[in-house]
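Novice: One structure, pasted below without further comment.
The values are calculated or read from the model by the stated rules, or taken from the named source; none is laboratory data. As the structure is a prediction and not an experimental result, all values here were calculated from the model. Here Cβ is always computed from backbone atoms with ideal geometry, including for glycine, and neighbour counts include all displayed protein chains. When the accessible area is computed, the model is the full protein with side chains, heavy atoms only, and any ligands, DNA or RNA have been set aside. Shrake-Rupley method; radii C 1.70, N 1.55, O 1.52, S 1.80 Å.
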Amino acid sequence: MGENQTMVTEFLLLGFPLSPQIQMLLFGLSSLLYIFTLLGNGAILGLIWLDSRLHTPMYFFLSHLALVDIAYACNTVPQMLVNLLLPAKPISFAGCMTQMFLFLSFAHTECLHLVVMSCDRYVAICHPLQYSVIMTWRVCVTLMVSSWVCGSLLAVVHVSLILRLPFCGPHEINHFFCEILSVLRLACADTWLNQMVIFSASVFILVGPLCLVLVSYWCILAAILRIQSGEGRRKAFSTCSSHLCVVGLFFGSAIVMYMAPKSPHSEEQQKVLFLFYSFLNPMLNPPIYSLRNAEVKGALRRALCKESHS
């Protein structure tokens, strides 16, 4: 192996094997969705920052979710758009490892953010009298910092294990960005340890948090059933069901990608799933978690009125 191994300086991102017309159509649609993602999450960040009435723990968590979604989209989508215009676009080895680290960090952090947000809603709905005592600003900041740190440390472990591997064959990544499983397929050494760490991390960062989210919402739904007002119960059910749909889509697609048995066509299926995953979740989070909220709508109206008066 030592004789055949060469120093890797760059990888070739193969992207999507499509006709030029389909690639341009996909480029236009992806650009539009990318703009919507940035505008939606940017608007949420701006409203929460400017309106003092939204300076509460719930909106503090929402602002971090919007920040993660923006960072997550900015890390993968621009590379994909460039790849659609210039197929088989090369990326440096250092750039590839950096992109992989950032993608894993943001994905892990979002998983933990969703757990924190579900626990926050559980305390607010099931223990409203103790909410201000439990969810203090110190607790909120600690939870958010812990999410970012844990997500980044776990990404460091994955990238460190990748860096120890030799890459001897054709350096062509069958993806539109440096996704960890696609890079692992190029290694000319035993990747058993990497695969085990990925599976173990998936149990820790996907299955565990998903169970916590489901338990939190189960308790929330049980509390909702005790609401006397039919209208209040209907609104609460509508909110919880939309939240669960987004959570199910996020965790479900990630579990399929990293824990489901691989089929002969898994690489192409993964690219389609990642395409769906890179746009839909970051774009859906603002309307589902924020823009349906009466307080956010009020803040938006106040901001628009202030702008019109000025």
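Novice: Do you know which residues across the range 160-212 are of a type in the set (Phe, Trp, Tyr) and closer than 21 Å to residue 150 by Cβ?
Specialist: Across the range 160-212, the qualifying residues are 199, 204.
Novice: Residue check, residue 177 against (1) part of a helix (DSSP H, G or I); (2) surrounded by 17 or more Cβ atoms within 10 Å (Cβ to Cβ), all met but one. Which one?
Specialist: (1)
Novice: Do the conditions hold for residue 200, that is, is it open to solvent by 10 Å² or more (accessible area, probe 1.4 Å), modelled with pLDDT under 75 and over 26 Å from residue 80 (Cβ atoms)?
Specialist: Here the answer is no, as residue 200 does not meet what is asked.
Novice: Assuming residue 143 fulfils every condition listed in (1) closer than 30 Å to residue 20 by Cα; (2) open to solvent by 50 Å² or more (accessible area, probe 1.4 Å) apart from one, which condition is it?
Specialist: The number of the failed condition is (1).
Each row is one residue, and each column tells you yes or no for (1) modelled with pLDDT of 90 or more; (2) assigned to a helix (DSSP H, G or I); (3) touching a Gly at 6+ places or on another chain (Cβ under 7 Å).
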| position | (1), (2), (3) |
| --- | --- |
| 1 | no, no, no |
| 32 | yes, yes, no |
| 39 | yes, yes, no |
| 112 | yes, yes, yes |
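Novice: Go through the range 250-275 and report how many residues are closer than 24 Å to residue 221 by Cα and at pLDDT below 80.
Specialist: Number satisfying all stated conditions: 0.
Novice: Within the range 6-40, take every residue that is over 22 Å from the mean Cα position of the chain (by Cα) and of a type in the set (S, T, N, Q) and give me the one that is farthest from residue 83 (Cα to Cα).
Specialist: Filtering the range 6-40 for residues that are over 22 Å from the mean Cα position of the chain (by Cα) and of a type in the set (S, T, N, Q), the one farthest from residue 83 (Cα to Cα) comes out as 6.
Novice: On to the next question. Is it true that residue 118 is in contact with a strand residue (DSSP E or B) (Cβ under 9 Å, 6 or more places away or on another chain) and either open to solvent by less than 70 Å² (accessible area, probe 1.4 Å) or modelled with pLDDT under 90 (or both)?
Specialist: no
Novice: Residue under question is residue 162, and the condition is that it be among the β-branched types (Val, Ile, Thr), surrounded by 18 or more Cβ atoms within 10 Å (Cβ to Cβ) and closer than 26 Å to residue 271 by Cα; does it hold?
Specialist: yes
Novice: Continuing with this model, one more query. Evaluate the range 45-65: report whether one residue or more is charged (D, E, K, R), open to solvent by less than 30 Å² (accessible area, probe 1.4 Å) and either touching a Pro at 6+ places or on another chain (Cβ under 9 Å) or assigned to a helix (DSSP H, G or I) (or both).
Specialist: no
Novice: Oh, and also: I need a count of the residues in the range 165-174 that are under 29 Å from residue 23 (Cβ atoms) and either of a type outside the set (Phe, Trp, Tyr) or open to solvent by 10 Å² or more (accessible area, probe 1.4 Å) (or both).
Specialist: Total meeting the criteria: 6.
Novice: Out of 68, 77, I need the residue that is part of a helix (DSSP H, G or I), in contact with an Asp or Glu (Cβ under 7 Å, 6 or more places away or on another chain), in contact (Cβ under 8 Å) with a residue 24 or more places away in the chain and crowded, with 18+ Cβ neighbours inside 10 Å. Which one?
Specialist: Answer to the check: 68.
Novice: A follow-up question, please. Check residue 135 against each of (1) in contact with a helix residue (DSSP H, G or I) (Cβ under 7 Å, 6 or more places away or on another chain); (2) farther than 26 Å from residue 249 by Cβ; (3) open to solvent by 50 Å² or more (accessible area, probe 1.4 Å) and name the one condition it does not meet.
Specialist: (3)
Novice: Return the pairs, sorted by first residue and then second, in which the second residue is hydroxyl-bearing (Ser, Thr, Tyr) and open to solvent by less than 40 Å² (accessible area, probe 1.4 Å), the first residue lies in the range 85-102 and is at negative phi and part of a helix (DSSP H, G or I), the beta carbons are less than 8 Å apart, and the residues are 6+ apart or on different chains.
Specialist: 99/76
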